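A short write-up of the structure that comes next.
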Amino acid sequence: MEGSATGGGTRDGQHVALVHDRLRDAILRGELPAGQTTSQVTLGRDLDVGRTPLREALRLLQREGLVVSEPNRRVRIAELSSSDAEELYVMRIALEAVAIRITVPQLTSTDFAELEGWMAQMEHYMRSDDRRGLRLPHRAFHDRLVHAAGERVTTTIGQLFDHGERYRLAYGATTRERWAQRRAEHREILDAAAAGDADLAAERLTAHYVATVRFIFAALDPGHDLARLRTTIRTVAPAAEGSLTDPGLA
């Protein structure tokens, strides 16, 4: 009896995880657009899942800030906003500038071989204009550069990366036209890490994210005052202030 109950609980948990992952992926890729309101009934029908695993999956997504619960079992996909985007990159820059400094001295030749491989994969996917394919090597590249900071830190960084995907896709931060610049930014980060210069790697990583922010805010809210982001950069990577040349950031 106990084994049966435990197995049932495990299966229920796996079902919730599956529903959560499907919904989360659809939100991050924009298949469920930001700001869209739907119902639990509609989602359950579209996903062919029961009420209980769907409700639990939505609870997890609400905790992550990707959905908003509304009356009458309605669900709204969290909107994209200038305030949220700035907070997202404040957190990313603050955490990753520290995490990459911790990680660079511990990177091995195997790490660098894999980082070079992910660079090559990113190039392949961008030549095909396959931004969905790009996501895996892109995330793997950034994950490896911060992995030594500890599980809690890297888990949070991974979630922030995923949330950033919504903005990058919605506002064209990574396109074929912009890929030469983005490739060069990744190369500069990797070269600094390969040289063992943790501070330079942090500065180049920060400059890379500043460029992403420029692309996003040029479309999202050009007049938004990024005061919190400026403070963050001056705190964790002051040498990267030279990248704050855009009127919207300076």
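Which members of segment 187-197 meet the condition of being surrounded by fewer than 17 Cβ atoms within 10 Å (Cβ to Cβ) and not acidic (Asp, Glu)? Reasoning before the result, please.
Of segment 187-197, the ones surrounded by fewer than 17 Cβ atoms within 10 Å (Cβ to Cβ) are 187, 191, 194-197.
Residues satisfying the conditions are 187, 194, 195, 196.
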Any idea which residue in segment 170-188 is nearest to the chain's Cα centre (by Cα), counting only those that are touching a residue at least 60 places away in the same chain (Cβ under 8 Å) and within 24 Å of residue 117 (Cβ to Cβ)?
186
Would you pick out the residues in segment 21-37 that are of a type in the set (Val, Ile, Thr) and surrounded by 15 or more Cβ atoms within 10 Å (Cβ to Cβ)?
27
Of the residues in segment 170-186, how many are surrounded by 17 or more Cβ atoms within 10 Å (Cβ to Cβ), out of contact with any Asp or Glu (no Cβ under 9 Å at 6 or more places or on another chain) and either closer than 12 Å to residue 129 by Cβ or among the hydrophobic types (A, V, I, L, M, F, W, C) (or both)?
2
Could you look through segment 200-228, keep only residues that are outside any helix (DSSP H, G or I) and acidic (Asp, Glu), and pick out the one that is most open to solvent (accessible area, probe 1.4 Å)?
225
Scan segment 81-98 and give yes if some residue there is free of Cβ contacts under 8 Å to residues at least 60 places away in the same chain, of a type outside the set (Phe, Trp, Tyr) and in contact with a strand residue (DSSP E or B) (Cβ under 9 Å, 6 or more places away or on another chain), otherwise no.
no
Checking residue 108 against (1) in contact with a helix residue (DSSP H, G or I) (Cβ under 9 Å, 6 or more places away or on another chain); (2) among the β-branched types (Val, Ile, Thr); (3) within 18 Å of residue 189 (Cβ to Cβ): exactly one of these is not met. Which one?
(1)
Only residues in segment 123-134 that are over 17 Å from residue 186 (Cβ atoms) count as the first member; pair them with residues that are open to solvent by less than 80 Å² (accessible area, probe 1.4 Å) and among the aromatic types (Phe, Trp, Tyr), Cβ under 9 angstrom, at least 6 apart or cross-chain, and list the lot.
132/125
Every listed condition ((1) crowded, with 16+ Cβ neighbours inside 10 Å; (2) over 10 Å from the mean Cα position of the chain (by Cα); (3) at pLDDT 90 or above) holds for residue 124 save (1)
Check residue 145 against each of (1) more than 17 Å from residue 25 (Cα to Cα); (2) open to solvent by less than 30 Å² (accessible area, probe 1.4 Å); (3) free of Cβ contacts under 8 Å to residues at least 24 places away in the same chain and name the one condition it does not meet.
(3)
When you scan segment 127-138, how many residues do you find that are within 20 Å of residue 31 (Cα to Cα) and exposed (fewer than 13 other Cβ atoms within 10 Å of the Cβ)?
3
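Please state which one of 212, 156, 175, 245 is among the β-branched types (Val, Ile, Thr), at pLDDT 95 or above and more than 13 Å from residue 100 (Cα to Cα).
Among 212, 156, 175, 245, only 156 is among the β-branched types (Val, Ile, Thr), at pLDDT 95 or above and more than 13 Å from residue 100 (Cα to Cα).
Go through segment 89-121 and report how many residues are open to solvent by less than 10 Å² (accessible area, probe 1.4 Å) and either within 25 Å of residue 176 (Cα to Cα) or hydroxyl-bearing (Ser, Thr, Tyr) (or both). Quick ask: steps written out before the conclusion?
Initially, segment 89-121 is screened for residues open to solvent by less than 10 Å² (accessible area, probe 1.4 Å), giving 89, 92-93, 96-97, 99-100, 103-104, 115.
Going one step further and asking which of them are either within 25 Å of residue 176 (Cα to Cα) or hydroxyl-bearing (Ser, Thr, Tyr) (or both), we end up with 89, 92-93, 103, 115.
The total comes to 5.
If the requirement is being under 23 Å from residue 84 (Cβ atoms) and open to solvent by less than 30 Å² (accessible area, probe 1.4 Å), which of these qualifies: 43, 60, 54? I'd like the intermediate steps shown before the answer.
Details: 60 fails: open to solvent by less than 30 Å² (accessible area, probe 1.4 Å); 54 fails: under 23 Å from residue 84 (Cβ atoms).
Only one candidate qualifies: 43.
The values are calculated or read from the model by the stated rules, or taken from the named source; none is laboratory data. Model, not experiment: these values are computed from the prediction. No Cβ is skipped: glycine too gets one built from the backbone with ideal geometry, and neighbour counts run over all protein chains shown. We work out accessible area using only protein heavy atoms, side chains counted, and drop any ligands, DNA or RNA first. Shrake-Rupley method; radii C 1.70, N 1.55, O 1.52, S 1.80 Å.
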